[in-house]
Amino acid sequence: MIRKLYVIITTSAALGNALSLTNQTKFKRSPVGGIVTVRAGYAQTPFPEWLTEFTGLTEWPGIDPPYIPMDFIDFSKVPDYKSYPQGVCGVNPRESCSFDCDKCVEPDDVYTCSKLSQTFDDGPSPATEKLLESLDHPTTFFNLGINIVNFPDTYKKILDAGHLVGTHTWSHPFMPSLTNEQIVAQLEWSIWAMNATGNHYPKWFRPPYGAIDNRVRAISRMFGLQAVLWDHDTMDWQLIAEDSNLRTEEQVYHDVQLWKRGKRGLILEHDGSEKTVNVGINVSKLIGDDQLTVAQCVGGIDYIHQYAQK
């Protein structure tokens, strides 16, 4: 029997500042920075001919990407757990190993690191470039496919700077709420965005909101992806929420100082807005440059495959 591990996530909420369930649900529905739709001055990644031949389409999709069947996806091997919306738990047994509900991780999930290391979600965005200018150590970015094709130059700058990139889905949905086909669509289009823009096939997958269970895992594993979660959360999304009193920068830095005492772990941050990028820069200064990428944390590969530049 495979043992599941239920981990305690260190956040400021653990210090007594937890939000009510109503507020958590309200604000968690909007990703930090999220999907950047304004592309003024940015040329979109050209839709490749090989993808037209395979899908019959000629342009990148919108928020809801179409499902394209893949011969290696076998739905009969996907556990029959029920879908559930964000903020609703208890729909499935604990054996479904939900991270967002029960903080459960499977043996192949990555959720910590031997060195305290930053990770950034939701980009690339215009704010990402400021972050790149300030980082003197390699880090891991979990990018949205729709942002990759809309900001390809920024994406390539991430790669050129030696950082690792994993997928954060195509458009940041709450994955357990989706059908099996919709989960496939979110992953395949995010991978194709990386193929077309960066000439590689990702290994690492961070589910938006940390929302993953064994149904989502089963499908992502068929793509060869490995889930990456976290054990330290800056909750930096609260800095740009409608209620600006949810969290302060000082609280973020206080938490980081506490995490430094333990000298290990993966920190969740976001590069989808200038506000969170500025905080990420300051967090980097607090921690220093002795950090690892997710692949380095577990002695893994950067990408499943890297294609020759065309």
query = Can we say residue 115 is out of contact with any strand residue (DSSP E or B) (no Cβ under 6 Å at 6 or more places or on another chain), of a type in the set (Lys, Arg) and under 21 Å from residue 45 (Cα atoms)?
reply = no
key: Options 227, 185; residue that is among the aliphatic types (A, V, I, L, M) and either within 22 Å of residue 119 (Cα to Cα) or surrounded by fewer than 21 Cβ atoms within 10 Å (Cβ to Cβ) (or both)   = 227
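Any chance you could count how many residues in the stretch 220-245 are assigned to a helix (DSSP H, G or I) and at pLDDT 95 or above?
Of the stretch 220-245, the ones assigned to a helix (DSSP H, G or I) are 220-222, 236-240.
Restricting the remaining residues to those that are at pLDDT 95 or above gives 220-222.
So the count comes out to 3.
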request  = Taking only the stretch 282-295 into account, find how many residues are under 17 Å from the mean Cα position of the chain (by Cα) and either in a helix (DSSP H, G or I) or without any contact (Cβ under 8 Å) to a residue 60 or more places away in the chain (or both).
outcome  = 2
key: Odd one out for residue 220 among (1) free of Cβ contacts under 8 Å to residues at least 60 places away in the same chain; (2) in contact with a Cys (Cβ under 7 Å, 6 or more places away or on another chain)   = (2)
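Sort out which residues of the stretch 135-170 are part of a loop (DSSP other than H, G, I, E, B) and under 18 Å from residue 203 (Cα atoms), and write them in order of number.
Correct list: 138, 139, 144, 162, 163, 168, 169, 170.
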Enumeration of residues in the stretch 17-66 that are surrounded by 13 or more Cβ atoms within 10 Å (Cβ to Cβ), modelled with pLDDT under 95, of a type in the set (Val, Ile, Thr) and in a loop (DSSP other than H, G, I, E, B) = 32, 35, 36
query = With (1) assigned to a helix (DSSP H, G or I); (2) within 26 Å of residue 81 (Cα to Cα) as the list, and residue 132 as the residue in question, which single condition is left unmet?
reply = (2)
ask   = Restricting the search to the stretch 193-219, which residues are within 14 Å of residue 145 (Cβ to Cβ), part of a helix (DSSP H, G or I) and under 16 Å from the mean Cα position of the chain (by Cα)?
value = 193, 194, 208
key: Which listed residue, of 259, 230, 237, is aromatic (Phe, Trp, Tyr), touching a residue at least 60 places away in the same chain (Cβ under 8 Å) and out of contact with any helix residue (DSSP H, G or I) (no Cβ under 8 Å at 6 or more places or on another chain)   = 259
inquiry  = Against the definition (over 20 Å from the mean Cα position of the chain (by Cα) and either at negative phi or outside any loop (DSSP other than H, G, I, E, B) (or both)), how does residue 79 come out, yes or no?
reply    = yes
query = Has the stretch 101-117 got any residue that is of a type in the set (D, E, K, R) and either under 30 Å from residue 62 (Cβ atoms) or at pLDDT below 95 (or both)?
reply = no
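Table: residues versus (1) surrounded by 24 or more Cβ atoms within 10 Å (Cβ to Cβ); (2) under 19 Å from residue 73 (Cα atoms).
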residue	(1), (2)
120	yes, no
157	no, no
162	no, no
180	no, yes
196	no, no
205	yes, yes
task = Starting from the stretch 297-310, take each residue that is surrounded by 11 or more Cβ atoms within 10 Å (Cβ to Cβ) and list its partners that are aliphatic (A, V, I, L, M), counting only C-beta distances under 6 angstrom and pairs at least six apart or across chains.
result = 298/110; 302/164; 302/295
ask   = If we keep just the residues of the stretch 246-281 that are within 20 Å of the chain's Cα centre (by Cα) and in a loop (DSSP other than H, G, I, E, B), which is surrounded by the fewest Cβ atoms within 10 Å (Cβ to Cβ)?
value = 264
inquiry  = Condition first: part of a helix (DSSP H, G or I) and more than 21 Å from the chain's Cα centre (by Cα). Can you find one or more residues in the stretch 109-128 that meet it?
reply    = no
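The values are calculated or read from the model by the stated rules, or taken from the named source; none is laboratory data. The structure displayed is predicted, hence computed values, not measured ones. Every residue, glycine as well, gets a Cβ built from its backbone with ideal geometry; the counts of neighbours run over all protein chains shown.
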